[in-house]
Each structure stands twice: as structure tokens, then as C-alpha cells.
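Read through the structure below, which is laid out as C-alpha cells, and then see the notes.
The values are calculated or read from the model by the stated rules, or taken from the named source; none is laboratory data. Just so we're clear, the structure is a prediction, and the values are computed from it rather than from any experiment. Backbone-built Cβ (ideal geometry, glycine too); neighbour counts: all protein chains shown.
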Amino acid sequence: MLQRRFDRGNAFEAEIVAELTALHPGVVVVDGDDPALREQRTADAMAARASLILNARLPSDDLGRRVGKPDVLIVAPDGGYRPVDIKHHMTLKADSGHARTSQFADATLEAAHDDEAGSARSNKSDLLQLAHYQRMLESAGRAAQDGRLGGIIGVERRVVWYDLNEPMWRTPSSTGKQKMRSTMEIYDFEFGFRLDIMAIAMRHLDDPATPLLVIPFRKSECDECPWWDWCRPQLQEDSGHPSLIPSLTWSQWETYRDRGVTTRADVASLDPLTARLVAGGVDLSSLSEAVQGMPADHPLSDVKLLDRRPKQRSILESEGIDTVGHLASLDERTAAYASTGMKSLPEHIDRARAALGSAPVYRKRGVKGVVVPRADVEVDVDMENVEDGVYMWGVLIGGEYRPFFTWGPLTPDSEAELFTAFWEWLVTTRAATLARGLTFRAYCWHEPAENTQMYRIGRHAGLLEEVKRFIDSDEWIDLREVFDHHFITGTGSGLKVIAPITGFAWPMDDAGGGESMVQFDRAALGDEPARRWLLDYNRADVDATRAIRDWIAGASSVPSIETERP
């Protein structure tokens, strides 16, 4: 899958370079395999104020310890350059916003206009790469002087411009609160941090007693990392590292580590009641000081500190903590997380208990009955896409599977044609159902995926208002949201994780989004087995959604996480 991404990305980059070269006869294309020669050719082109430089290699920044190969350099009016990179993914999202974009015929920032196709997608890794090139241009004395701006060329085939000085990333600050920082600020910190990591690692090689600056930590990128086989056994030792808890962040791990909590079993041993108070913002430290010397039966309602904190008083009352004695019975280890901003502490505890428990899934705390919205006519929907767009919409109704698909090139028009066929079927089926006096609902798993594509393509197809009304109605159900409202696991809630819990199995061993993209590449070339694989895969996805819905409806007997003890 990773190799496929590289190959497709390189092929897309070659297409864009060819298009730009054809449009700009004076373009400088830097070629050759010798790095030093390519750096010199790039430097010569910048010195000559070439308007467009492709396949550049910037002069090495030995002091900053940087090398870089921006796909495109575009000259600014002052003779400096702005970096642009080519990425084989979408750069625009369909919403009411707009982006500053330039067409290939005049790709300069000065020719940019407000693009009504939607706002710019802010892919952090893309923008950090632009920041890297920006610093290299500055080091070489070749950066544009009117700001730090760079562009990304995606599958929409236009330059989407970004202000690298714009505060757009929410990050922790030394005050404990969050702060908005620019791409340049994030880049400078992250790049410096990586230099520190390498320096400490080199010391560690000479002296193993020198502790490494970073340690194994589970993240979404781990599955494609060449070091994962080295990290995984360490993370799975004993009861498992806390980062194996879904959605746990590095800063949260640091908060645990600083309090001696280093395994999932340690997290599971914390007290859920105290954690709920912490998550609610109850200042347990100040409150404990305020009741020092008071008898155990003294009502908390008479503590003056809480007169000024009615919300905290309400939370304590809702949890049955109404006397000094009750307050004293709270777990001190868990209370130590007060004022850390750990609102997800109760969920972490329950996810750790679920991961280490005997059952694969539990009802959440407080969930007595399980309710899933049902209808007389139920349709399951699943979308399949690659970097260039959506090639399939599959539906299941009454046990009958119907796919809407194309194996041809994916363009805005072909996507719109495909989506329109699916949409007309959906609204016609809905209208016929309501005309018979029956109820109708359509289901998907994790609606942001389908919604994003329906908004984007619906805008191009002239169906946006219809799409919005349907998505906002109670007839469009995100089944994952229903599942997450009622249940908790220690491994997350992806479709491929939850469906097997219900007894469902895919008909292929390698079912997954990555493999489906590989199969689509073959299908687009006419490979009939690949086309059949994709149809079977999409059919299995909608079957899985239906299987989970039926399972939820009868899952009241699933044990509650409240019964699971560490």
C-alpha cells in the first residue's frame, strides 16, 4: 500500500510537471541524478529570475542542516521565490468558504482569485513541508519578501495558496491552556526537536546509559512505519502501554507518566467516580483544603467555597458527594489529575478496563437499554474512493445489493454523473416509501466520510441543497455514532473492528481501504477479478452495517463496563 502511494504520487507529479511545461515554454526543468549539479542548476535558474522552476533542488543549508527538493518554485515580483508542492490528494473541501487559488496558465500568487469551490484543506504535513522549503529559500537569500506564502497542487489541478504565518494550529502552551500557532512556528519547533532526538540518539549509541529523548508510542501512522515491528513488542509488554488506548495523545501520556501511570492496567486502576469529577472541572485540591478540620458529616452545601462555584457544586451533588466524609473517600491518585484538563480521563479508564476485560465489548456507564433508530424500509450505504475521487456508491435494501460505479477516469463530471445516478435512486426510493405511508431511513458507518464526499460532489452536480436537507434529517443515520453512544471497547470502533464482534466476516482475508485502492488501480486497467473483488468488498461493507444494526437492536444483554473491575 505504501509503495502504491509512492508510485501513484510520482506518476501524478509527472503529469503535473508535463502540463506546466506545456503551458510555459520558458519553464526551467531541473533534471539529472547528481545532487550537487541539480542544486547548481536550481541556483542558476533563480539567479536568472526564471518565472517557473520544476523539479528543483535548493542549495543545501549546512548551518540549518536542511536539504530539500520542492516540486515547483514560482517567482514573485521582487525576484524572490515561493515554494509549491504537488500532492496526489484533494486540496479543497466543499463548504461555504473559499480558497485563494491560481490556474496553471498563470500559477503566480498575484493571479490568484477567491475560488468558490470551497475552502482550502489544511493538511498539516503538506504545510510543514512548505515551511521547510521556505526556511531553505530564506537561508539562500531567495525567498519572496512580501510574506511567507506557499502553494499545494492537488488533484483539482490548481495552486491552492496558504499563509504560513497565519495562526491556524491549536497547540498546548506552558500555561496549560491552548494557543493558536502558525505553520512556521510549528515547523521550527518540530524540526528543532528532531535535531535534538538525533543528537541524543548519537550519544546513546556511545553511552547506553544516556536515556533516549523519545520512546515507542502508538499513533495512527505506526502501521506504515518501518520501525513498528521494533516498537510493537515493547508497547504490548505486560498489560500494554497507555498509548494503545484509542485516541490517547502524547501530552495525555506525559500527564500519566508524571504521576507514575505507565501501563493500561495502571490507567484501569484509577477511580471512575473521581475521574468524572476531575473531567467536570471540580477543583478537588482547593475543596479539600477548604474542608480541613470539618467533621465527616459536615454538608458540602455549607462550604462557602462552593457558593462561588455553583457548577462544581452541581456536579458534586449529581455524583452523590454531599458531605466532607464523601469527599475524603475519593481516590487520591485520581484526584491528582485535577486541573490537568484531562476531560477524557473517565473514558480512558473505561477503555483500559474494556481492553483488559473478558468481553470484547461493553455497555457504557449509565446505559440501561439499547436503542437504534429503525424504519419500515432501511437502506445501507457505503462509498468507495481513491485519491482522485469516488468511484462507487453501494446500497443494500431488503437484502438486495445495488452498486453505482465506474472504472473510468475520475473527473468532476464523471463523479457528478455517478453520484447523480445514486442520488436519484435514493430519493426515488424514499419518495415511494413515504407515498405508501411507511417510514424510511438510510444508514452508514462514520458519516463524515460519506458526508464530505456528498457535499463536495453534490455542489458540482447542482444537488447541494438537497444533500444538505437529507444529511440534516433524522432519516440519515450514522450507525457508528449510535454504537459509540451505547458501547465501549478497548480497541476503537472502526467498521472492521466492530463487525467481527457481531459475528460478521468479510469474504476476503485482506479487506480494507488500502487493499481496495490497490484493487481499483487494477480494475481501472480492465482487470475483471479486481472489479469483482471491489464489488464483493463494497457488498460486504453494507452487509456489515446491517449486521451491526441488527446486533445493536438485541444487545441489551451485553455486560456493562460498570461491572468490570481492574
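Remarks
- From the list 248, 306, 270, the lone residue that is more than 38 Å from the chain's Cα centre (by Cα) and surrounded by 19 or more Cβ atoms within 10 Å (Cβ to Cβ) is 306.
- Within the set 363, 374, 402, 351, the sole residue that is at pLDDT 95 or above and under 23 Å from the mean Cα position of the chain (by Cα) turns out to be 351.
- Residue count for segment 438-453 under the criterion of being of a type outside the set (D, E, K, R), assigned to a helix (DSSP H, G or I) and in contact with a strand residue (DSSP E or B) (Cβ under 6 Å, 6 or more places away or on another chain): the result is 1.
- Of the strands (runs of 3 or more DSSP E) lying entirely inside segment 65-123, the ones with 2 or more residues being touching a strand residue (DSSP E or B) at 6+ places or on another chain (Cβ under 9 Å), polar (S, T, N, Q) and surrounded by 19 or more Cβ atoms within 10 Å (Cβ to Cβ) are found at 99-102.
- Of the strands (runs of 3 or more DSSP E) contained entirely in segment 327-414, those carrying at least 2 residues that are of a type in the set (Gly, Ala, Ser) and assigned by TED's automatic domain parsing to the domain that holds residue 492 fall at 389-397.
- Matching entry among 553, 540 (being aliphatic (A, V, I, L, M), out of contact with any helix residue (DSSP H, G or I) (no Cβ under 7 Å at 6 or more places or on another chain) and exposed (fewer than 15 other Cβ atoms within 10 Å of the Cβ)): 553
- Within segment 160-182, tally of residues that are in contact with a Gly (Cβ under 9 Å, 6 or more places away or on another chain) and either β-branched (Val, Ile, Thr) or under 22 Å from residue 130 (Cα atoms) (or both): 6
- Matching residues in segment 119-160 - criterion: being touching a Lys or Arg at 6+ places or on another chain (Cβ under 7 Å), without any contact (Cβ under 8 Å) to a residue 40 or more places away in the chain and either closer than 20 Å to residue 43 by Cα or among the small types (Gly, Ala, Ser) (or both): 119
- If you filter segment 182-206 down to residues that are of a type in the set (Gly, Ala, Ser) and over 25 Å from the mean Cα position of the chain (by Cα), you find that the one that is modelled with the lowest pLDDT is 201.
- Single match in 504, 470, 487 (criterion: out of contact with any Phe, Trp or Tyr (no Cβ under 8 Å at 6 or more places or on another chain) and not hydroxyl-bearing (Ser, Thr, Tyr)): 504
So that you can scan it fast, the table gives a plain yes or no per residue for (1) of a type outside the set (A, V, I, L, M); (2) in a loop (DSSP other than H, G, I, E, B); (3) touching a His at 6+ places or on another chain (Cβ under 9 Å); (4) over 28 Å from residue 565 (Cα atoms):
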residue	(1), (2), (3), (4)
265	no, no, no, no
273	no, no, no, no
282	no, yes, no, no
292	yes, yes, no, yes
306	no, no, no, yes
312	yes, no, no, no
316	no, no, yes, no
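- From 269, 251, residue being assigned by TED's automatic domain parsing to the domain that holds residue 345, under 30 Å from residue 327 (Cβ atoms) and touching a strand residue (DSSP E or B) at 6+ places or on another chain (Cβ under 6 Å): 251
- Every residue from segment 474-521 that is farther than 25 Å from residue 550 by Cβ and either of a type in the set (A, V, I, L, M) or crowded, with 16+ Cβ neighbours inside 10 Å (or both): 515, 517, 518, 519, 520
- Any hit, segment 130-146, residues being among the acidic types (Asp, Glu), on the phi < 0 side of the Ramachandran plot and either in a strand (DSSP E or B) or in the same structural domain as residue 456 (by TED's automatic domain parsing) (or both): no
- Qualifying residue in segment 328-344 (condition: in contact (Cβ under 8 Å) with a residue 40 or more places away in the chain and either touching a strand residue (DSSP E or B) at 6+ places or on another chain (Cβ under 8 Å) or on the phi > 0 side of the Ramachandran plot (or both)): yes
- Among the residues of segment 251-263, the one identified as assigned to a loop (DSSP other than H, G, I, E, B) and crowded, with 20+ Cβ neighbours inside 10 Å is 261.
- Some residue of segment 27-46 being among the small types (Gly, Ala, Ser), in contact (Cβ under 8 Å) with a residue 12 or more places away in the chain and either touching a His at 6+ places or on another chain (Cβ under 8 Å) or farther than 19 Å from residue 110 by Cβ (or both): yes
- Candidates in segment 167-220 are the residues that are touching a Phe, Trp or Tyr at 6+ places or on another chain (Cβ under 9 Å), part of a loop (DSSP other than H, G, I, E, B) and touching a residue at least 24 places away in the same chain (Cβ under 8 Å); of these, the one that is nearest to residue 242 (Cα to Cα) is 217.
- For residue 11, the stated conditions hold: it is under 30 Å from residue 510 (Cβ atoms), of a type in the set (Gly, Ala, Ser) and either in a helix (DSSP H, G or I) or assigned by TED's automatic domain parsing to the domain that holds residue 514 (or both).
- Test: residue 47 is crowded, with 16+ Cβ neighbours inside 10 Å, aliphatic (A, V, I, L, M), farther than 30 Å from residue 464 by Cβ and modelled with pLDDT of 95 or more: no
- Residue 278 being of a type outside the set (Phe, Trp, Tyr), touching a Phe, Trp or Tyr at 6+ places or on another chain (Cβ under 9 Å), buried (at least 17 other Cβ atoms within 10 Å of the Cβ) and in the same structural domain as residue 345 (by TED's automatic domain parsing): yes
- Residue list for segment 12-23, restricted to those being touching a residue at least 12 places away in the same chain (Cβ under 8 Å) and surrounded by fewer than 17 Cβ atoms within 10 Å (Cβ to Cβ): 19, 21, 23
- Enumeration of residues in segment 15-40 that are in contact with a strand residue (DSSP E or B) (Cβ under 8 Å, 6 or more places away or on another chain) and not hydroxyl-bearing (Ser, Thr, Tyr): 16, 17, 20, 24, 26, 27, 28, 29, 30
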